[in-house]
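Taking it in order: structure first as structure tokens, then the write-up.
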Amino acid sequence: MVRLERRRGAPGRKRGMVVSYRIRPRPARVAGALLLVLLAAGGVTACQAAPSSPGPVPGQDAAAARPVEVLVSAAASLQDALREAMADFGRDHPAIRVRFNFGSSGALAQQIEAGAPADVFIAAGQQPMDRLVEKGLVDRDAVRVLARNRIVLIVPRGEAGRVRGWQDLTAEEVRRIAIGDPAHVPAGQYGRQVLEHLGLWARVNAKLVLDQDVREVLHHVAAGEAQAGIVYQTDAATSDRVAVVAEAPPGSHRPVVYPMAVLKDSRHPAEAAAVVEFLLSARSQAVLQRHGFLPPR
């Protein structure tokens, strides 16, 4: 309770004057009210200090929404076809982002052996894949064949009359023949097998320009820096500056296959397996065949 004290106006005021009241709390009541306030404040403080269930870590939702990145190390000859084929993958698998590392199959295998990160390996030949299987980096049962290809002889467009076939490589006017380095480029290994099969390897060896991958071979021939080159049929089809003058004779080289597999050390094996299955789908195979690749079987 509070006591109301009536205060009259100054003497001489007329009726209708305003009368004001002042609330004067009693000392005991003030002490009680203060105690209640302190107790209430203490209760609030205790609630704030009590353990609570952990909330979301800052950035956790953003990290969960970030796509998983799958790194595909693939032969350079697959570059255009894979980029086109995988354009549809992102629409079907928005939670997976595919990144490519293209190069010669032998060099890529060496990188993986040295510990370079990769989830999927696609080689332009069986030998690089077999090497990773032997090193315990790939399970042999996990290896699938993506596609096949052909070996062809190319010349700069407009100079097809100078070289019409494999035997013309011995001609004096053919000074430089571009070929992938057989030490680590499968296309170069196939090319050497063809030349040996035809009895030409020793005769043209001094003319050979050893390139780091088939795209480099294609560039040298297209630019007229080499009078001939040995590439895959699919690479020849990507340039209107070269002409195919001959295919490798049947039985002159090992079959050109593109084995692929998920690496044992893949950080995202499930997502990597999804990439492999997508590349084997009818939709992806149609893209590969438009680029000149042959079906796996």
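Only the coordinates and a few stated rules stand behind these numbers; no lab work does. Computed from a predicted model, the values in this text were never measured in an experiment. No Cβ is skipped: glycine too gets one built from the backbone with ideal geometry, and neighbour counts run over all protein chains shown.
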For the range 250-257, what does the Karplus curve 6.51 cos²θ - 1.76 cosθ + 1.60, with θ = phi - 60°, yield as ³J(HN,Hα) per residue in whole Hz, taken in order and with x for Gly and Pro? x, x, 8, 7, 5, x, 8, 10
Take the alpha carbon atoms of the range 65-86, find their center, do the same for the range 166-197, and report the distance between the two centers in whole angstrom. 29
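Using a ≥ b ≥ c from the Cα gyration tensor of the range 84-219 (square roots of the eigenvalues), is it rounded, prolate or oblate, where a/c under 1.5 gives rounded and otherwise the larger of a/b and b/c decides, a/b for prolate?
prolate
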Cα-derived Rg over Rh, computed across the range 151-247 with Rh taken as Kirkwood radius: 0.91
Label THR170 and TRP201 with points 7 Å out from Cα along Cα→Cβ: what is the distance between them in nm? 1.7
